[in-house]
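Single-structure report; data block below.
The values are calculated or read from the model by the stated rules, or taken from the named source; none is laboratory data. The shown structure was predicted, so the numbers you read here are calculated from the model rather than taken from an experiment. We place every Cβ from the backbone using ideal geometry, glycine too, and count neighbours over all the protein chains shown.
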Amino acid sequence: MRIVMELRRACWSAVVAMPLALVLAAPAAADVVPGVTRDPSGVGLILPGNLWLSGDVTLTLDVPETQPTSFELDDVSLLARWEPFSRLAFFGELRLENLFEVAEHEGVLTSGGEVEIERLYAEVLLTPELSFRVGKVFTPFGLWNVISRGPLTWTVEEPAVTENVFPQRATGLSLLYQKTWRGWSFDATAYGPGQNQIQFRNAEDEGLDSGLLFGSRVSAGRDFGPAFASLGLNAAGFTRRETRKWSTASGLDLAIFAGGHEVTGELTYRVPAAGGRTEHGLYLQDAIPIVRTLYGVLRFEYFRRRGGPAATGQLVGLFWRPVPNVVLKADYIFATRRLENLETGFQASFSLLF
């Protein structure tokens, strides 16, 4: 047992140290190491053999109105993509969570961290329009869940309706179809049959979904003058491992890009396996350009869990990306009821990417 624990600590230490080392070494590596170049986006390294590496480290500050203030290393991520052939690619993402936290009145809290396999799949391009993935992916339900990587979202916390209303990971086979026709862009995805199956922890651990999952998403969009808008439809059926009773989730999502604004919204409705009261909610968000690298963010959200009254929230925030490798966010949330990720208070984060 002692040997196993030591191996786990060594694994976690490596996952933490690797992204930090790569973040610090990336600029020099791109300029000094032969064959290594920076990704044109400014984030990521391209190595010989069509291997792409990236990673990020995020620190967060949470100052809720009625709870103790906390500061934590929110997550450390390492991503890799390898394209040995033009029609075949492999992708993986590791994330280390809960490494340490400094809490008011409690001091430094450490748990050793938890290593999560966020994504791990092979992708094959069958035709210019059709491809499939085998492995573990972010469940393609709505807009927010398929991003998930903290530095790339507009706010520190996700809207309440995007968390734990449907399984957030899908394992198995995903079919993707993309088509343009007469100015319209069509996207369709079907996925199944499992949820969060590829993981380091035991399936019995709380919060891990290990039942069945089948779902699909269809979206259509087009240009309207200088603007672009798209509408998506989502549906999923899933079970819990211990009951095998089916629940369903359905939803709509909207994205509008106009005048530098990015307006997004989602409406999600879940019918539980046992029937009775549903779980549903929505959000509408606008990212407003202030200067080239600075955005203001406004969001309204509504959420009702099965057990308890509904909660509403309004968010006012700033998103600043002064250089491609640095992202800073600051948000203030006004909420009518305290939920896990919907609580009145101030939040801020600092992310370093390579």
### Query
When residues of the range 307-328 are filtered for being farther than 18 Å from F354 by Cα and exposed (fewer than 12 other Cβ atoms within 10 Å of the Cβ), how many remain?
3
#### Entry: Set K329, K245: member being of a type in the set (D, E, K, R), in contact with a Ser or Thr (Cβ under 8 Å, 6 or more places away or on another chain) and modelled with pLDDT of 95 or more
K329
### Query
Which members of the range 331-346 meet the condition of being farther than 12 Å from F303 by Cβ, in a strand (DSSP E or B) and in contact (Cβ under 8 Å) with a residue 60 or more places away in the chain?
D331, I333, G345, F346
## Note on the structure
If we ask which residues in the range 265-279 are in contact with a Phe, Trp or Tyr (Cβ under 8 Å, 6 or more places away or on another chain), under 19 Å from P140 (Cα atoms) and not acidic (D, E), their number turns out to be 3
### Task
Out of the residues in the range 30-81 that are among the β-branched types (V, I, T) and not in a loop (DSSP other than H, G, I, E, B), state the one that is surrounded by the most Cβ atoms within 10 Å (Cβ to Cβ).
V76
### Task
From P167, P140, grab the single residue that is at pLDDT 95 or above and either among the hydroxyl-bearing types (S, T, Y) or outside any strand (DSSP E or B) (or both).
P140
### Message
Given the criteria in a strand (DSSP E or B), surrounded by fewer than 17 Cβ atoms within 10 Å (Cβ to Cβ) and either acidic (D, E) or at pLDDT 95 or above (or both), does Y177 qualify?
### Response
yes
### Query
From the list S247, S349, which residue is in a strand (DSSP E or B) and farther than 29 Å from L53 by Cα?
S247
### Task
Filter the range 282-306 down to residues that are hydroxyl-bearing (S, T, Y) and either within 19 Å of the chain's Cα centre (by Cα) or surrounded by fewer than 19 Cβ atoms within 10 Å (Cβ to Cβ) (or both), then give me how many there are.
2
